[in-house]
Amino acid sequence: MPLTKEKTASIVTEFGGSAKNTGSVEGQIAQLTERISQISEHLQLNKNDYSTHRGLMVMVGKRKSLLNYLQKRDLTGYRKLIEKLGIRK
């Protein structure tokens, strides 16, 4: 279930600038959000898949750390990103 190269490039282009800029904080957060939504759908069908659940929790923690970093560095960018992604009410 990993993201394809095309999907990754489109996500990074939309949120991080250019398709080659995969290291941008916004691009990383958008990629993690996409993977989190995919894994959440998987876990709704496979409730006893505990190893995937643990991986999901690791990804959520990583995304939270990146969001905290972005909030400290660029508050307006942080607010735009969470609005675009539809996370954190």
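The values are calculated or read from the model by the stated rules, or taken from the named source; none is laboratory data. Computed from a prediction, not measured in an experiment: that's the story for all the values here. Note: ideal-geometry Cβ built from the backbone for every residue, glycine included; neighbour counts use all protein chains shown. These area figures cover heavy atoms from the full protein model, side chains too; ligands, DNA and RNA do not enter into them. Shrake-Rupley method; radii C 1.70, N 1.55, O 1.52, S 1.80 Å.
Observations on the model:
- Note, ³J(HN,Hα) from phi for the stretch 40-46, Karplus 6.51, -1.76, 1.60, rounded to Hz, x at Gly and Pro: 4, 5, 4, 6, 5, 8, 10
- Vicinal HN-Hα couplings computed from phi for the stretch 21-28 (Karplus, 6.51 cos²θ - 1.76 cosθ + 1.60; Hz; Gly/Pro x): 8, 6, x, 5, 4, 4, x, 5
- Ordering VAL58, LEU45, GLN71 by Cα displacement along the dipole of the chain toward the positive end leaves GLN71 in first place; charges were set at the Cβ atoms of Lys, Arg (+1) and Asp, Glu (-1).
- With all protein chains in place and ligands, DNA and RNA left out, the 1.4 Å accessible area ranks ASP49, ASP74 as ASP74, ASP49, largest first.
- Atom-type composition of the exposed protein surface of the chain places 53 percent of the accessible area on carbon and sulfur (1.4 angstrom probe).
- Between THR13 and LYS47, the FRET efficiency estimated from the beta carbon spacing at R0 = 35 angstrom works out to 0.50.
- Spread over its residues, the convex hull of the C-alpha atoms of the chain is 96 Å³ per residue.
- Under Karplus coefficients 6.51, -1.76 and 1.60, residue-wise ³J(HN,Hα) of the stretch 57-64 in Hz, glycine/proline x: 5, 5, 5, 5, x, 5, 5, 4
- Taking amide H positions as modeled 1.01 Å from N, with prolines and chain starts lacking one, no residue 5 or more places away or on another chain lies under 5 Å from ASP74.
- A straight Cα-to-Cα reach below 15 Å connects LYS72 with the aspartates and glutamates GLU26, residues fewer than 8 places away in its own chain not being considered.
- Total charge dipole magnitude, the chain, about the Cα centre, Cβ charges on Lys, Arg, Asp, Glu only, Debye to nearest 20: 320 debye
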